[in-house]
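Before any comments, here is the structure.
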Amino acid sequence: MTAYQGLSSAPSTRATKASAFFGALTLVAFFVVAASTTGSRTLGAPVSQTSRGVRGVTGLGGMFRRSSFTSCSRRAVSANAEGVAAAGDRIKLHFKILDEEGEMISSTEMEGGEPIRFTAGQGQMMPGIENSIVGMKVGETKTVKVDPEDAFGPVLEENIVKIPNERLPEGVGVGAILRMGAKGFPVRVTEMGETEATLDMNHPLAGKKLQFELNLVDAAVAPPALKELSVETTQEGDGETFPKTGDTVTVHYTGNLIENGQVFDSSRERGEPFKFKIGVGQVIQGWDEGVAQMSKGQRAVLKIPSEKGYGQMGAGAVIPPGSDLEFDVELIDITPSE
């Protein structure tokens with residue numbers, strides 16, 4: 001499953017044990033990281049593989065924060081009767097990032113045209129957006145000036161480090177952007193010496209005063225979040241053959257958002273079952289736990305709370321942060337581990 005994760009607006013976390021990650025640097029083409037693309041893998045692709053791969057690059061990285069999220073657990077989200085955004089509402093927002101002089105850096109409408117979706121007042125977005133969205137009316141547009149602390153954070157010296165040149169991918173030069181570690185934190189090469197290079201793990205917009213032009217597309221009352229994983233059988237299996245940790249399972253699945261029923265991926269539509277090793281972290285936690293409860297031939301609906309799905313980061317443009325998920329899964333076959 002795709003495990004696309006946006007970056008925190010608190011870059012200091014990237015410096016923690018940074019030297020341990022430098023064996024996994026990957027070259028990237030541009031200089032800003034995305035929180036709004038899904039990458040080339042389907043939602044059936046292993047989490048661990050996707051998170052290490054080179055992902056799409058846009059200008060909206062770091063908009064989402066790492067914090068507790070509230071998600072939706074019903075197929076319909078009722079509209080806010082007053083049309084005014086309030087804490088706890090499910091928000092759809094278009095916005096532009098402008099520099100201090102008003103020149104546009106990036107826009108959600110440039111990144112495929114889809115508004116971002118999040119729950120207001122839950123710390124999912126950086127403070128410059130969170131503090132400005134509550135009280136806005138649907139359809140309203142406003143521009144706010146934002147200091148670095150409420151945007152991409154200050155430039156931190158501890159996020160600037162040196163490593164031996166031999167640890168870098170081939171062909172890297174000053175200005176290149178690398179992915180660091182399993183979570184793919186972006187780092188910029190700022191200097192190249194004869195024996196070592198200087199890497200900057202601060203976000204490219206860190207330390208900058210910015211303007212956000214916000215356009216509130218929708219504000220809706222979000223239902224309560226799912227509390228726990230559930231497995232609802234729709235077709236009985238053999239009741240005897242269950243997958244064990246390390247076994248390879250073959251499944252067909254269709255995944256949709258519980259809040260509105262929108263399908264975001266389906267192996268059935270592709271006509272190709274998906275295989276993964278169970279219990280070893282190749283897929284989201286809800287799949288590891290849910291499919292383990294199924295026997296060969298069983299078909300079931302897995303209802304997965306956000307914290308056992310894609311959590312606070314969501315998955316690009318197709319799975320908003322804090323989304324509860326529903327998967328119609330059929331366990332076709334089990335290959336025991338050797």
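The values are calculated or read from the model by the stated rules, or taken from the named source; none is laboratory data. From a predicted model like this one, the values you see are computed outputs, not experimental measurements. Cβ placement follows ideal geometry from the backbone for every residue including glycine, while neighbour counts extend to all protein chains displayed. Just the protein is used for accessible areas: all its heavy atoms, side chains included, with ligands, DNA and RNA removed. Shrake-Rupley method; radii C 1.70, N 1.55, O 1.52, S 1.80 Å.
Scanning region 145-164 for residues that are basic (Lys, Arg) and closer than 20 Å to LEU199 by Cβ yields a total of 1.
Every condition in (1) in contact (Cβ under 8 Å) with a residue 60 or more places away in the chain; (2) touching a helix residue (DSSP H, G or I) at 6+ places or on another chain (Cβ under 7 Å); (3) not in a strand (DSSP E or B) is met by HIS252 except one, and the failing one is (3).
Of all residues in region 117-171, those satisfying the criterion of being surrounded by fewer than 18 Cβ atoms within 10 Å (Cβ to Cβ), of a type in the set (Lys, Arg) and over 17 Å from PRO186 (Cβ atoms) are LYS137, LYS142, LYS145, LYS162. Total residues in region 191-218 satisfying the condition of being open to solvent by less than 20 Å² (accessible area, probe 1.4 Å) and touching a Leu at 6+ places or on another chain (Cβ under 9 Å): the figure is 10.
Under the condition of being in a loop (DSSP other than H, G, I, E, B) and in contact with a strand residue (DSSP E or B) (Cβ under 9 Å, 6 or more places away or on another chain), the residues counted in region 116-143 number 10. Among the numbered conditions (1) open to solvent by less than 60 Å² (accessible area, probe 1.4 Å); (2) over 17 Å from the mean Cα position of the chain (by Cα), tell me where ASN256 comes up short. Among (1) open to solvent by less than 60 Å² (accessible area, probe 1.4 Å); (2) over 17 Å from the mean Cα position of the chain (by Cα), ASN256 violates only (2). Of all residues in region 274-299, those satisfying the criterion of being without any contact (Cβ under 8 Å) to a residue 60 or more places away in the chain, open to solvent by 20 Å² or more (accessible area, probe 1.4 Å) and under 21 Å from the mean Cα position of the chain (by Cα) are VAL280, GLN285, ASP288. Selection of first residues in region 154-165 that are touching a residue at least 60 places away in the same chain (Cβ under 8 Å) and of second residues that are open to solvent by 60 Å² or more (accessible area, probe 1.4 Å), restricted to Cβ pairs under 7 Å at least 6 apart or on distinct chains, gives the following pairs, ordered by first then second residue: ILE163/GLU196. Mind checking which residues of region 302-335 are aliphatic (A, V, I, L, M) and over 23 Å from the mean Cα position of the chain (by Cα)? LEU331, ILE332, ILE334, listed by residue number.
In region 83-115, the residue that is modelled with the lowest pLDDT out of those that are within 15 Å of GLY139 (Cα to Cα), of a type outside the set (D, E, K, R) and in a strand (DSSP E or B) is ILE91. Residues of region 259-273 that are assigned to a loop (DSSP other than H, G, I, E, B) and either more than 22 Å from the chain's Cα centre (by Cα) or within 17 Å of ILE334 (Cα to Cα) (or both): GLY271, GLU272, PRO273. The one condition from (1) open to solvent by 70 Å² or more (accessible area, probe 1.4 Å); (2) of a type in the set (Ser, Thr, Tyr); (3) in contact with a helix residue (DSSP H, G or I) (Cβ under 9 Å, 6 or more places away or on another chain) that SER230 does not meet is (1).
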